[in-house]
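As structure tokens, the structure follows; a few thoughts come after it.
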Amino acid sequence: MVVVLSGPGRDRPGLSRPAGMALLMTSDDRLFPVLQPVQIERLARHGERRRVRAGEILFEQGARNDNFFVVLSGAMEIVRPGAAGEKLITVHEAGQFSGDVDLVFGRNAIVQGRMREDGELLALPRARLMSVVQTDPELSEILMRAFLLRRAGLIKEGAGDAVVVGSRHSPDTLRIKEFLSRNGRPYESIDVETDPGVQAFLDKFGVRIEEIPFVICRGTLLLKNPSNAEVSDCFGFNAGIDKRAVRDLVVVGAGPAGLAAAVYGASEGLDVLVMETGAPGGQAGTSMRIENYLGFTNGISGQELMARAFTQAEKFGAGVAVACGAVTIDCARKPYRIETTSGKTVEARSVIIATGVQYRRPPFPGLERFEGTSAHYAATNLEGQLCAGSEIAVVGGANSAGQAVSFLSRTARQVHLIVRRAGLAETMSRYLIRTVEDAPNVTLHAQSQV
């Protein structure tokens, strides 16, 4: 259900920062590097100079932003609009540039950009920016690193255009949070059971506590217990994707294999579309720490690794449609026709099926009543928050179970690892076994079954 609100509103009372304080550290030259004149000159070949006045809006929150800006003179401020006033994200000065990963993805902007002072900008259309990141290694590294770090900063601060109101005991609340998190969308979370000001918030939007969860989208739409597809549509996750085009390659599934296929195909000049029922990353995206992946000596979270793969695929021009699964494939004619979960069809000259795995659910009677509240199939930050201070059990003896134990044992009071075999040596990597053995609050139950 979608309700149109009468006006903007998303900020929780009492949580604003002092006026003028930026949410992101403007002194961090990785997030906000200053381009050298020679680098700006290379960018200038692809854009045009534009004189701008103080107060001029460069891009609106919730609208498609198809321009990348470099400040040549003056200053540009990035703000998050809200009913309680604006929150300053950062200020770009001479030599600095606008944008984050949504500019690469072709998605709607989650913040507003406007001029703080009169000045001059270098403006590049998105298509020309993508040409730069594909052909200029030095600029590509600077820009893509800044885009990724900025989005990570916004996620950490919850500085986006989404508010999720729900309960930690609601499976649909967890589903929506997980969908936003795995799609890299910053959101603010309000728990009806722990937030002291929740009733005033509910009264403000005219909803009852029985109607949770609900999502406030850009302060203008209220979605009551929306599906993942409805959330995707509201925030424009697939806004830049033309599903009517005949693709060179359609990849079904956006896990590690699917995203790798998209990167290889798009980098060779193929027109690639990836279709994913949920969010990019697959099972790997739910791992809090992957220690044995080549090239990452200190390990990396599954979500961060998959976010890099997703961005890399988009960098080369692949489209990734989320909350958009494949139902049937008609191979009797060419181009092949793929029917999607929305009822529409996509045509492709080639198709790669990379659907990965499904979780094997234990045959416990009534287990579905606890799924999403006290029975989970992943160990991300969301599950970590739910399990903090509790006594929990992890069922399984492979690497996923070991990674879950390693992460959850940091905050849980006691962790029981239940495996059917005599030990872990046959199914778990040695570095994870050591982690399990060294944790003082972990008990291994071998040759055991629930």
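The values are calculated or read from the model by the stated rules, or taken from the named source; none is laboratory data. Because the structure is predicted, anything quoted here is derived from the model rather than measured. Neighbour counts run over all protein chains shown; Cβ positions are idealised from the backbone, glycine included.
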Members of the range 153-178 found to be within 30 Å of Asp29 (Cα to Cα), outside any loop (DSSP other than H, G, I, E, B) and without any contact (Cβ under 8 Å) to a residue 60 or more places away in the chain, listed by number: Ile155, Lys156
Among (1) surrounded by 14 or more Cβ atoms within 10 Å (Cβ to Cβ); (2) hydroxyl-bearing (Ser, Thr, Tyr); (3) more than 21 Å from the chain's Cα centre (by Cα), the one test that Ser374 misses: (1)
Qualifying residue in the range 317-332 (condition: charged (D, E, K, R) and in contact (Cβ under 8 Å) with a residue 12 or more places away in the chain): no
Yes/no for Ser170 being among the hydroxyl-bearing types (Ser, Thr, Tyr) and surrounded by 20 or more Cβ atoms within 10 Å (Cβ to Cβ): no
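Take the residues in the range 179-200 that are assigned to a helix (DSSP H, G or I) and free of Cβ contacts under 8 Å to residues at least 40 places away in the same chain; name whichever of them is farthest from Ala254 (Cα to Cα).
Per the stated criteria, the residue is Gln199.
Among the residues in the range 333-350, are any without any contact (Cβ under 8 Å) to a residue 12 or more places away in the chain, farther than 30 Å from Asp248 by Cα, loosely packed, with under 11 Cβ neighbours inside 10 Å and out of contact with any Cys (no Cβ under 9 Å at 6 or more places or on another chain)? Reasoning before the result, please.
Looking only at the range 333-350, we keep the residues that are without any contact (Cβ under 8 Å) to a residue 12 or more places away in the chain, and these are 333, 337, 343, 345.
Among the residues that remain, those that are also farther than 30 Å from Asp248 by Cα are: none.
No: the range 333-350 contains no residue that is without any contact (Cβ under 8 Å) to a residue 12 or more places away in the chain, farther than 30 Å from Asp248 by Cα, loosely packed, with under 11 Cβ neighbours inside 10 Å and out of contact with any Cys (no Cβ under 9 Å at 6 or more places or on another chain).
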Subset tally (residues that are touching a strand residue (DSSP E or B) at 6+ places or on another chain (Cβ under 9 Å) and over 12 Å from Ala393 (Cβ atoms)) for the range 410-423: 2
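Can you tell me how many residues within the range 100-125 are of a type outside the set (Lys, Arg) and part of a strand (DSSP E or B)? Reasoning before the result, please.
Within the range 100-125, the subset of a type outside the set (Lys, Arg) is 100-106, 108-113, 115, 117-125.
Subsequent filtering for residues that are part of a strand (DSSP E or B) retains 108, 112-113, 115, 119-125.
Matching residues across the range 100-125 total 11.
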Positions within the range 73-122 being within 18 Å of Ile142 (Cα to Cα), buried (at least 19 other Cβ atoms within 10 Å of the Cβ) and not hydroxyl-bearing (Ser, Thr, Tyr), in sequence order: His92, Gln96, Phe97, Gly99, Asp100, Val101, Asp102, Leu103, Val104, Phe105, Leu122
Output for the range 352-378, where each listed residue is out of contact with any strand residue (DSSP E or B) (no Cβ under 8 Å at 6 or more places or on another chain) and small (Gly, Ala, Ser): Gly356, Gly366, Gly372, Ser374, Ala375, Ala378
Residues of the range 413-430 satisfying the condition of being surrounded by fewer than 21 Cβ atoms within 10 Å (Cβ to Cβ) and out of contact with any Asp or Glu (no Cβ under 6 Å at 6 or more places or on another chain): His416, Ile418, Arg420, Arg421, Ala422, Gly423, Ala425, Glu426, Thr427, Ser429, Arg430
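Would you be able to tell me the number of residues in the range 98-123 that are closer than 30 Å to Val231 by Cα and touching a residue at least 60 places away in the same chain (Cβ under 8 Å)?
7
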Matching entry among Ala393, Ala404 (being outside the structural domain of Thr286 (by TED's automatic domain parsing) and either crowded, with 21+ Cβ neighbours inside 10 Å or in a helix (DSSP H, G or I) (or both)): Ala404
Within the range 44-62, tally of residues that are in a loop (DSSP other than H, G, I, E, B) and surrounded by 14 or more Cβ atoms within 10 Å (Cβ to Cβ): 6
Test for Arg337: is it assigned by TED's automatic domain parsing to the domain that holds Val272, basic (Lys, Arg) and outside any helix (DSSP H, G or I): yes
Residue identified as in a helix (DSSP H, G or I) and touching a residue at least 60 places away in the same chain (Cβ under 8 Å) among Ala257, Ala239, Ala279, Ala262: Ala257
